[in-house]
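What follows is a short report on a single structure.
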Amino acid sequence: MLPNELPSHIQPEKLCRKGDGAGIAISGQIKLSNLKGLLKDLRNQPNAIVKVSLLFSMDEEGLCCVKGELQTDLQLICQRCLQAMAYHLQIAIQVSPVSSDQQAAALPHRYEPLWVPMGEISMAEWIAEEIHLALPLAPCHEPSCE
Ligand SMILES: [Zn+2]
């Protein structure tokens, strides 16, 4: 068990509507090894921790808004020298929960759709997906290892 563990499932729209203007903050930590469908490259670092900080609120247009960030420190393999490299991943989140294509299409550009077909999502699945999307395809030492 980690201190400040995240809820396993959340109802994003409910949380946004419950916030009473100020919004509802959810922050905590989840182990990389608890994420579903973890990439093969990341399975060798089960102790890595993802720090999550999110605010659920309604924006001025009355849309549900989830803002925040994910942060984690990973060991990736440099695609140039094939040695390990430390990689700090920081992902900015700005999404609005949707349950249909029409809803997603109607979102203003500042939001990415967060797919919540049944009113509830698994934190682990969502975070895994965000990490997959944000990982560099060919990480390399910076400025250069050669
Ligand atoms: Zn390198």
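Worth a mention:
- Summed over segment 89-114, residues that are out of contact with any Leu (no Cβ under 9 Å at 6 or more places or on another chain) and surrounded by fewer than 17 Cβ atoms within 10 Å (Cβ to Cβ) total 12.
- If you go through segment 116-144 and keep only what is within 16 Å of the ligand (Cβ to nearest atom) and among the charged types (D, E, K, R), you end up with just GLU142.
- The residues listed here are GLN79, GLN102, GLN71; of these, the one that is over 21 Å from GLU5 (Cβ atoms) and either within 16 Å of the ligand (Cβ to nearest atom) or in contact with a strand residue (DSSP E or B) (Cβ under 9 Å, 6 or more places away or on another chain) (or both) is GLN79.
- Filter pass, ALA86 being open to solvent by 30 Å² or more (accessible area, probe 1.4 Å), small (Gly, Ala, Ser), more than 18 Å from GLN45 (Cα to Cα) and within 16 Å of the ligand (Cβ to nearest atom): no
- Residue in segment 47-68 that is open to solvent by 90 Å² or more (accessible area, probe 1.4 Å) and modelled with pLDDT under 90 present: yes
- Residue list for segment 23-43, filter: over 13 Å from the mean Cα position of the chain (by Cα), over 28 Å from HIS109 (Cβ atoms), not charged (D, E, K, R) and not in a loop (DSSP other than H, G, I, E, B): SER33, ASN34, LEU42
The values are calculated or read from the model by the stated rules, or taken from the named source; none is laboratory data. From a predicted model like this one, the values you see are computed outputs, not experimental measurements. All Cβ positions, glycine included, derive from the backbone under ideal geometry; neighbour counts span all protein chains shown. Quick note on the areas: whole protein, heavy atoms, side chains included, nothing else; ligands and nucleic acids left out. Shrake-Rupley method; radii C 1.70, N 1.55, O 1.52, S 1.80 Å.
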